[in-house]
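Contents: one structure, followed by commentary.
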C-alpha cells in the first residue's frame, strides 16, 4: 500500500466515523415536526388531478398486473387524491376490473404521531406510499418501511424527497425551502438499504417507467421469492 492509499483509507475511515456520530446524535435527538401540515400549493382535487397527469394510468399499466388486485395507498386516507384518481380511471377505462383500492392514513397527523397497524387486510398486491416519508423522523421512516413491506404481497411503490447532495450514506437533510414539516430527507441509498433489509429487491425497470417526470425520486421494490 502506498502512502497515498493509506492516507485515503484513513481519511475515509475518519469521515465514516464522523458521519456515524452525527447520524447517531440526530436520530436520538430528532423530534416530529412541531407545526401542523398545511398545503403549500393548491391542493384542490382539480389542481392535483392536473399535476398527477398520466400518473394513475401508469400505475394501472405497470404496477397493477391482474384484474382482482388489492391496492393500498398508505398515507392520506380513504379520500386521498390518488385513491380517487385510480378509482376514476378504473371506472372510465377498466369497467370490468375487480381491482380494489383502499386509502389508509396511519395517523391523523403522520408527522407527529407514530403509525399503527391498520384494521384491514395486511397483505396487498400493491402498496403505494407517496410524499409521506419526508414528514417522518428517521426512526419513524424505519418503522413505516417495515410496515409497507409487511403489508405488501408483491410490490411497494414509494416517492419521497431526498438529500440533494449527500456526502456519505448517513447524511440527512432536516429542512428544505418547501415545507416546514419536511424533516427527514435521506440519502436515497440509505432508504434503499432499508427495503433490502426487509427482503425486497429493486425493480429498476418499473422505476424507469413510473418516473415519467424524470425527477429521480421513484422507488419500486418487489418481495423476493
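The values are calculated or read from the model by the stated rules, or taken from the named source; none is laboratory data. The structure presented is a predicted model; accordingly, all values stated were derived computationally and were not measured. Counting neighbours? That spans all protein chains shown, and the Cβs are built from the backbone with ideal geometry, glycine included.
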Listed by first then second residue, the pairs whose first member lies in the range 130-149 and is at positive phi and part of a helix (DSSP H, G or I), whose partner is at pLDDT below 95 and buried (at least 18 other Cβ atoms within 10 Å of the Cβ), with beta carbons under 6 Å and at least 6 positions apart or on separate chains, are none
Over 15 Å from the mean Cα position of the chain (by Cα), outside any strand (DSSP E or B), surrounded by fewer than 14 Cβ atoms within 10 Å (Cβ to Cβ) and at pLDDT 95 or above: does that describe residue 121? no
Residues in the range 26-62 that are modelled with pLDDT of 90 or more, in contact with a helix residue (DSSP H, G or I) (Cβ under 7 Å, 6 or more places away or on another chain) and either within 16 Å of residue 128 (Cβ to Cβ) or not in a helix (DSSP H, G or I) (or both) total 7
Among (1) assigned to a strand (DSSP E or B); (2) more than 24 Å from residue 55 (Cβ to Cβ), residue 193 falls short only on (1)
Requested in this report: State whether the residues of the range 157-165 include one that is in a loop (DSSP other than H, G, I, E, B), modelled with pLDDT under 90 and out of contact with any helix residue (DSSP H, G or I) (no Cβ under 8 Å at 6 or more places or on another chain).
Outcome: no
Going through the range 163-188 in order, the residues found to be under 13 Å from the mean Cα position of the chain (by Cα) and closer than 25 Å to residue 224 by Cα are 186, 187, 188
Restricting attention to the range 166-190, the residues that are part of a helix (DSSP H, G or I) and either over 26 Å from residue 37 (Cβ atoms) or in contact (Cβ under 8 Å) with a residue 40 or more places away in the chain (or both) number exactly 1
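How about the range 200-225: which of its residues are assigned to a loop (DSSP other than H, G, I, E, B) and in contact with a helix residue (DSSP H, G or I) (Cβ under 7 Å, 6 or more places away or on another chain)? Break it down into steps so the answer makes sense when it comes.
Filtering the range 200-225 down to residues assigned to a loop (DSSP other than H, G, I, E, B) leaves 203, 211-217, 224-225.
Within the range 200-225, 212 is the sole residue that qualifies.
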